[in-house]
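A.B. asks: If you scroll down you'll find the structure; I have some questions about it.
The values are calculated or read from the model by the stated rules, or taken from the named source; none is laboratory data. Fair warning: this is a prediction, and the values are worked out from it, not measured in the lab. Reconstructed Cβ throughout: ideal geometry from the backbone, glycine too, with neighbour counts over all protein chains shown.
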Amino acid sequence: MAVSPQDVSRLADLARIELTDQELAELAPQIDVILDAVASVSEVADLDIAPISHAVQQTNVMREDICTPSFAPEAMLAGAPAVVEQRFRVPRIIDDSNAQ
Amino acid sequence: MTTDIYRADALELGRRIAAGEQSSVEITQAFLDQIDAVEPQVHAFLSVDHHGALEQAAAVDARRAAGEDLPSPLAGVPVAVKDLLCYRNLPTTAGSRILEGWRSPYDATVVRKMLEAGLVILGKTNLDEFACGGSTETSGFGPTRNPWDLDRIPGGSSGGSVAAIAAWEAPLAIGTDTGGSIRQPAAMTGTVGVKPTYGAVSRYGIIAMASSLDQCGPCARTVADAAALHEIIAGYDPADSTSLDVAVPAVLSAARNGDVSGMRIGVVTELGGEGYAPGVEQRFAETLDLLAKAGAEIVEVSCPHFEQAMATYYLIMPSEMSSNLARYDAMRYGLRVGDDARHSAEQVMRATRGQGFGAEVKRRIILGTYALSAGYYDAYYGSAQKMRTLIARDVEAAFQQADVLVSPVAPTTAYRLGEKVDDPLAMYKGDLCTIPSNLAGLAAGSFPCGLDPNDGLPVGFQVMAPVLGDDRVYRVGAALERELRAQWGGPLLAKAPALAGSKLKGDSK
């Protein structure tokens, strides 16, 4: 089960990370080695064992439905990469298919 | 006079401040001076708050002068904070270029609690990027060096926090531990570090890596100092839904007691043998003998599924991490690349994450994305969650036979910078002994137990206790500290070589 640079490219696409060809070539064999090392867990894949997501028993927590002060807009926008009219300015959301 | 400040325990500094024997300003200034003197070599800090720290110190001194009771035994004592915790006074970067210069609009609960307790925040310490690593080499701002040997790593990911303590730049520090990130660096620098029970310390305002494993804890030079800091930062927090609504175990009194007579100490068979440095195993065995002499009963326990702990961890952690780091999307905070009116939001997002994340973070995001992707989920992530159940059952069975479980903290002492950067798997193996506690939510600590006779570098002894049995960790740690110091004639850190320019220089023989 060798992971190819093309496989890594597809995963990077799902994870929204642009990787250079060199990064893809370096990552593929590394991911391959790591996956080999962790593959042993799949021996329990078909066993009837309850999976756990947290070690300590978790119960859902509710809070009182009380209004509390929010942060000032200026405080929230202070770290924004771009601001316009007291809002986050984002790049256009429709891709130009030619620019892909 | 100032040497006296550096070598003093944090609790002793707190006592002097409360008694009016020494001011918090004088003490804080001494640590700032040491930071200025040795930082060019060690690089433990990403930011230092000279002005803010002295202001906080002066406020404590003023309260004492006005006759007020100080809010905690550590009021006026300086602390260094891992740069994974939000703190309004300084940038919060997580060691990543993607957050370079970002300032949080709020304080983490742990930071708030420390400020309320009168602690003085010196600065933010270096870490592996988003806490991803075991050497502090993956920091986007350059590595931290081990004060014992500047060519070596201080461990990680809380490498900056422990290095600050070992280099006498701070008497206390805050670290976080997802798979060993407090304990392994503590071991590699001859300092004390404890990962509390999962949920014991609030994660609110701590940048998330793997939410079901992350836990914040104290770093210190002595067991009692760590316990005192633990009591300040622990406790229920409604702002963290995984926070445990229970009383904080009495860890400081356990640290002062240190009585292990009659305690059953379980040596985990699977955490030793092949792959462990002979010097590490030697110090571990000698320390066990000391505990037996102090009245503990040593038993051997087996946790067969610990053999699968690393595989389990390196699936669960990247899966959770890849989800958590999806929030760095270049829209509301942090770096934004390629915003030129031509590229779309999604293209900007890809470019920003490609440029802003370092190699190890990308590696883990890719790995997590793989483990969670359709067709592989059951075989990888699903199986890892089942294996986690088996590991938790092993631990439960082991605690039927023993009150605490013990092992070395890491298979080896600190390695050289650059030695493992291109071999991720070799680096991951450094977490073998520490991972099970995170998977099972246990309390666990690392305590200095000597120098490896082959390389002269510190070795750590790990103590693991059941969920909410944190006091047992400190009890055993205190016993070790007492017995070992009697042998050494003082703390292990006294054996560390003096750094050039160090303010302690006049004192080193």
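A.B. asks: Name every residue in the range B:288-305 that is in contact (Cβ under 8 Å) with a residue 40 or more places away in the chain and charged (D, E, K, R), in order of residue number.
C.D. replies: Within the range B:288-305, B:Lys293 is the sole residue that qualifies.
A.B. asks: I'm trying to understand the selection: among the residues of the range B:203-242, which are touching an Asp or Glu at 6+ places or on another chain (Cβ under 8 Å) and either at pLDDT below 95 or basic (Lys, Arg) (or both)?
C.D. replies: B:Arg203, B:Arg221
A.B. asks: Name every residue in the range B:94-114 that is away from chain A (no Cβ under 14 Å) and surrounded by fewer than 24 Cβ atoms within 10 Å (Cβ to Cβ), in order of residue number.
C.D. replies: B:Arg112, B:Lys113
A.B. asks: Applying the selection to the range B:319-336, what residues are over 16 Å from B:Ile207 (Cβ atoms) and either at the interface with another protein chain (Cβ under 7 Å from one of its Cβ atoms) or without any contact (Cβ under 8 Å) to a residue 60 or more places away in the chain (or both)? First the steps, then the outcome.
C.D. replies: Pass one, the range B:319-336, residues over 16 Å from B:Ile207 (Cβ atoms): B:319, B:330-331, B:336.
Residues satisfying the conditions are B:Ala330, B:Met331, B:Arg336.
A.B. asks: Look at B:Ser157 and say whether it is within 24 Å of A:Ile17 (Cα to Cα) and in a loop (DSSP other than H, G, I, E, B). Lay out the reasoning, then the answer.
C.D. replies: Values: within 24 Å of A:Ile17 (Cα to Cα): yes; in a loop (DSSP other than H, G, I, E, B): yes.
Answer is yes for this residue.
A.B. asks: Scanning the range B:337-380 for residues that are facing chain A (nearest Cβ under 9 Å) and among the aromatic types (Phe, Trp, Tyr), which turns out farthest from A:Ala37 (Cα to Cα)?
C.D. replies: Among residues in the range B:337-380 that are facing chain A (nearest Cβ under 9 Å) and among the aromatic types (Phe, Trp, Tyr), the one farthest from A:Ala37 (Cα to Cα) is B:Phe357.
Condition check ((1) more than 7 Å from chain B (Cβ to nearest Cβ); (2) within 22 Å of B:Leu442 (Cα to Cα); (3) modelled with pLDDT under 95) across all residues:
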{"residue": "A:Ile17", "(1), (2), (3)": "no, no, no"}
{"residue": "A:Asp21", "(1), (2), (3)": "yes, no, no"}
{"residue": "A:Glu43", "(1), (2), (3)": "yes, no, yes"}
{"residue": "A:Gln57", "(1), (2), (3)": "yes, yes, yes"}
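A.B. asks: Shifting gears a bit: Among the residues of the range B:386-425, which ones are aliphatic (A, V, I, L, M) and facing chain A (nearest Cβ under 10 Å)? Let's see the steps before the verdict.
C.D. replies: Our first condition is that a residue be aliphatic (A, V, I, L, M); within the range B:386-425, this holds for B:387, B:390-392, B:395, B:397-398, B:402, B:404-406, B:409-410, B:414, B:417, B:421, B:425.
Answer for the range B:386-425, where residues must be aliphatic (A, V, I, L, M) and facing chain A (nearest Cβ under 10 Å): B:Met387, B:Leu390, B:Ile391, B:Ala392, B:Val395, B:Leu425.
A.B. asks: If you don't mind, there's one more thing I want to ask. From the list A:Ala25, A:Ala39, A:Ala72, A:Ala12, which residue is over 30 Å from B:Asp107 (Cα atoms) and surrounded by fewer than 14 Cβ atoms within 10 Å (Cβ to Cβ)?
C.D. replies: On the way: A:Ala39 fails: surrounded by fewer than 14 Cβ atoms within 10 Å (Cβ to Cβ); A:Ala72 fails: over 30 Å from B:Asp107 (Cα atoms); A:Ala12 fails: surrounded by fewer than 14 Cβ atoms within 10 Å (Cβ to Cβ).
Just one listed residue meets the conditions, A:Ala25.
A.B. asks: Could you tell me whether any residue of the range B:148-159 is in contact with a Gly (Cβ under 6 Å, 6 or more places away or on another chain), at pLDDT 95 or above, buried (at least 24 other Cβ atoms within 10 Å of the Cβ) and among the polar types (S, T, N, Q)? So that I can check it myself, show each step before the final result.
C.D. replies: Initially, the range B:148-159 is screened for residues in contact with a Gly (Cβ under 6 Å, 6 or more places away or on another chain), giving B:156-158.
Keeping just the survivors that are at pLDDT 95 or above gives B:156-158.
Applying the additional criterion that residues be buried (at least 24 other Cβ atoms within 10 Å of the Cβ) yields B:156-158.
Filter once more, so that each one left must be among the polar types (S, T, N, Q): B:157-158.
Looking through the range B:148-159, at least one residue is in contact with a Gly (Cβ under 6 Å, 6 or more places away or on another chain), at pLDDT 95 or above, buried (at least 24 other Cβ atoms within 10 Å of the Cβ) and among the polar types (S, T, N, Q).
A.B. asks: Every residue in the range A:79-96 that is more than 7 Å from every other protein chain (Cβ to nearest Cβ) and not acidic (Asp, Glu), please.
C.D. replies: A:Val83, A:Val84, A:Gln86, A:Arg87, A:Arg89
A.B. asks: Let me ask another. Within 13 Å of B:Ile207 (Cβ to Cβ), free of Cβ contacts under 8 Å to residues at least 40 places away in the same chain and hydroxyl-bearing (Ser, Thr, Tyr): is that true of B:Tyr106 in this structure?
C.D. replies: No; evaluated as a whole, the condition is false for this residue.
A.B. asks: Condition test on B:Ala410, is it in contact with a strand residue (DSSP E or B) (Cβ under 7 Å, 6 or more places away or on another chain) and surrounded by fewer than 24 Cβ atoms within 10 Å (Cβ to Cβ)? Break it down into steps so the answer makes sense when it comes.
C.D. replies: Values: in contact with a strand residue (DSSP E or B) (Cβ under 7 Å, 6 or more places away or on another chain): yes; surrounded by fewer than 24 Cβ atoms within 10 Å (Cβ to Cβ): no.
No, not satisfied.
A.B. asks: Out of curiosity, is B:Arg393 under 31 Å from the mean Cα position of the chain (by Cα) and outside any helix (DSSP H, G or I)? Quick ask: steps written out before the conclusion?
C.D. replies: On the way: under 31 Å from the mean Cα position of the chain (by Cα): yes; outside any helix (DSSP H, G or I): no.
Against the criterion (under 31 Å from the mean Cα position of the chain (by Cα) and outside any helix (DSSP H, G or I)), B:Arg393 does not qualify.
A.B. asks: Does any residue of the range B:452-461 turn out to be over 18 Å from B:Glu281 (Cβ atoms) and either buried (at least 16 other Cβ atoms within 10 Å of the Cβ) or touching a Lys or Arg at 6+ places or on another chain (Cβ under 6 Å) (or both)?
C.D. replies: Going residue by residue through the range B:452-461, those that are over 18 Å from B:Glu281 (Cβ atoms) are none.
Checking the range B:452-461: not a single residue is over 18 Å from B:Glu281 (Cβ atoms) and either buried (at least 16 other Cβ atoms within 10 Å of the Cβ) or touching a Lys or Arg at 6+ places or on another chain (Cβ under 6 Å) (or both).
A.B. asks: Now for a different question. Are any of the residues in the range B:138-157 free of Cβ contacts under 8 Å to residues at least 60 places away in the same chain and either under 24 Å from B:Ala75 (Cβ atoms) or among the hydrophobic types (A, V, I, L, M, F, W, C) (or both)?
C.D. replies: Scanning the range B:138-157 turns up no residue that is free of Cβ contacts under 8 Å to residues at least 60 places away in the same chain and either under 24 Å from B:Ala75 (Cβ atoms) or among the hydrophobic types (A, V, I, L, M, F, W, C) (or both).
A.B. asks: Taking the range B:470-509 as the region of interest, how many residues are surrounded by fewer than 18 Cβ atoms within 10 Å (Cβ to Cβ) and closer than 22 Å to B:His230 by Cα?
C.D. replies: Residues flagged as surrounded by fewer than 18 Cβ atoms within 10 Å (Cβ to Cβ) and closer than 22 Å to B:His230 by Cα within the range B:470-509 amount to 1.
A.B. asks: Consider B:Trp148 against the criteria (1) within 24 Å of B:Asp33 (Cα to Cα); (2) within 14 Å of the chain's Cα centre (by Cα): it satisfies all of them except one. Which criterion is unmet?
C.D. replies: With respect to (1) within 24 Å of B:Asp33 (Cα to Cα); (2) within 14 Å of the chain's Cα centre (by Cα), B:Trp148 is out only on (2).
A.B. asks: Which numbered condition in (1) within 23 Å of B:Ala359 (Cα to Cα); (2) among the aliphatic types (A, V, I, L, M); (3) within 9 Å of chain B (Cβ to nearest Cβ) is the only one that A:Val61 fails?
C.D. replies: The single condition A:Val61 does not satisfy is (1).
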